[in-house]
Amino acid sequence: MPTVKINGQEVVVPDGVNMIEAAAQLGVEIPHYCYHPHLSIAGNCRMCLVDIEAGGRGPDIACNMKARDGLAIRTDTAQVKQMRKSVMEFLLANHPLDCPICDQAGECRLQDYYMDYGQYESRLVDAKVAKPKRQDIGDHIVLDSERCVACSRCVRFGDEVTKTGELRLFNRTDHTEIGIFPGERLKHQYQGVLADICPVGALTNKDFRFAKRVWYLKETESVCNGCATGCNIFVCHENGGVFRYLPRRNDAVNKSWMCDVGRADYAEVNSTRRMARAQVGGKPVTVDAAVQAALNLLRSGDPAQVAVVFGAQATNEANFGLLRIVQDLLPRASIYICEGNNPGASAYHDQLLVSPDKNPNSVGARVIAATKGDVGSRSDLIAGLKGGSIKVLLVLEDDVLGRLKLDSQGARIVYVGAWRNDTAAAAEVVLPAAHSVEQDGSFTNADGRAQRLRRSVLPLGDSLPAWQLLDKLAAAMGRPLGFSMGAVAFKRLAEGVPAFAGLSYQSLGGGGAALPKSALSDSETFPTEAVTTQMRLNASV
């Protein structure tokens, strides 16, 4: 690995790293517009010009400068500052003065860099070049060409990632503008990414336009629950409300992207489809009363006629809580994993990020349930219900009746879940579970990577994390799980399931950790259709 020197400090970096990334390892920011770590090098904004100390080459762009032994650059000279100031003056010559009404305000790199490199006394004497404004170019995106700095990120994304190529730079010199071919519209499922990667206010997301000023929002790291890929995200929230999801960089999972379907799931946090109150017999009760009713129901008949369904939409911690209940308190119960998606789930999937499995934790649920052994399938569950061998059914965050297109077949149901659905409607007891952004927990994605969820907002109504509800149920049965918090639940999981051995929230960090391949051999829910995340990402380069 080469050793380079930046502002007099030496740093060892991996082969092939450019000097923007190398400087970042030392905490030195080299400003840039066109460079993006997951797109090809364009080198057209010139904002990243730096001085090369040796060799007499003079200034050069850092984005296209690969690290090599002996390379020494400076980012803090008077010449560098003047170059950046000149670039900013050039970029702003025709830029509209609409920062107060621009939806990008607060996260615009023009604003950020102008504070350091702005030409505060304008030398412009000619009229600004007017370009099209507020163009509707797709279901999710509005284009304002007047604000564009021609960085070409959006063009490269369409060419290199979605491979749809709708956007182009038209005309020359100061009349250059971003645009779409006449009669065309954006049709791919990654339109929101265009707003993410646009460094200015040229491309904005319709859904978030004028919804909230970004400086009011807090960002919490989490994982998208829309499918088995498990894209890393930021949950942007304020005062208990969630206003958007943004992709969070994880090169092993989603790079810097996420699909539009997953991005829109933030609206479900406070949806009317949520189960916000505990119920017994269809009537609202306290959570403790519902727990007691569930206990009575589970103990009402033959223990061998109790069935338990592990949840592909529930966290690893919740599934482990259910495993402990089966092991310690319901040893004669039969256990099931039911493959498939819930009714109403989008059928869309692709070879980039969107998995055909719309459950965020199919792998985790199966790995954890397999610890008990002898796990039944959906066909086994259907046979048990229709044959009458199942009299009591405990379901963890899975609309099994809706997916299997069954009625309860006379079975009495305890449902632990977040959503109103056919199973919740048929349940005798409902324990309302928190949404994934309302709890600490973890999911295991299709590649077997365990990743953390962090609580962003408080649970809706009386809902609680499913692992906490199951802890209450186990305590009522006389054997509390001791899940005082998510970290403790995960610690118990790591102690009780070999595939998670040695892991902790600390070791998962922000990027997650891969489970041993040996633990995943039988855990793929969609074996004929699924494409691993790494294969999809490699194909997009």
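The values are calculated or read from the model by the stated rules, or taken from the named source; none is laboratory data. Given the structure is predicted, the values throughout are model-derived calculations rather than measurements. Backbone-built Cβ (ideal geometry, glycine too); neighbour counts: all protein chains shown.
Counting only helices (runs of 4 or more DSSP H) that sit wholly inside region 314-418, those with at least 2 residues that are under 30 Å from the mean Cα position of the chain (by Cα) and crowded, with 24+ Cβ neighbours inside 10 Å are 316-328, 362-370, 400-404.
Test each condition in (1) buried (at least 19 other Cβ atoms within 10 Å of the Cβ); (2) acidic (Asp, Glu); (3) within 26 Å of the chain's Cα centre (by Cα) for Asp422 and report the one that comes out false. Of the numbered conditions (1) buried (at least 19 other Cβ atoms within 10 Å of the Cβ); (2) acidic (Asp, Glu); (3) within 26 Å of the chain's Cα centre (by Cα), the odd one out for Asp422 is (3). Looking at this structure, is Pro2 closer than 30 Å to Lys212 by Cα, in contact with an Asp or Glu (Cβ under 8 Å, 6 or more places away or on another chain) and of a type outside the set (Lys, Arg)? So Pro2 does not fit the description; no. From the residues in region 146-175 that are modelled with pLDDT of 90 or more and over 29 Å from the mean Cα position of the chain (by Cα), which one is surrounded by the fewest Cβ atoms within 10 Å (Cβ to Cβ)? Filtering first and then ranking leaves Asn171. Where strands (runs of 3 or more DSSP E) sit wholly within region 1-78, none has at least 1 residues that are aromatic (Phe, Trp, Tyr) and over 27 Å from Gly118 (Cα atoms). Glu89 meets each of the listed conditions (1) under 30 Å from Tyr216 (Cα atoms); (2) loosely packed, with under 14 Cβ neighbours inside 10 Å; (3) not hydrophobic (A, V, I, L, M, F, W, C) apart from (2). With respect to Glu221, determine if the residue is of a type in the set (D, E, K, R) and not assigned by TED's automatic domain parsing to the domain that holds Ile101. So Glu221 fits the description; yes.
Here Arg263, Arg244 are screened, and the one residue that is surrounded by 24 or more Cβ atoms within 10 Å (Cβ to Cβ) and either at pLDDT below 95 or outside the structural domain of His349 (by TED's automatic domain parsing) (or both) is Arg263. Filtering Ala228, Ala252 for residues that are surrounded by fewer than 20 Cβ atoms within 10 Å (Cβ to Cβ), part of a loop (DSSP other than H, G, I, E, B) and touching a Ser or Thr at 6+ places or on another chain (Cβ under 9 Å) leaves a single hit, Ala252. The selection criterion, being at pLDDT 95 or above and more than 24 Å from Tyr505 (Cβ to Cβ), does not hold for Cys231. Under the condition of being at pLDDT 90 or above and either assigned by TED's automatic domain parsing to the domain that holds Ile30 or surrounded by 15 or more Cβ atoms within 10 Å (Cβ to Cβ) (or both), the residues counted in region 111-125 number 2. Here Asn239 meets the list (1) polar (S, T, N, Q); (2) assigned by TED's automatic domain parsing to the domain that holds Pro100; (3) free of Cβ contacts under 8 Å to residues at least 60 places away in the same chain almost entirely, failing just condition (2).
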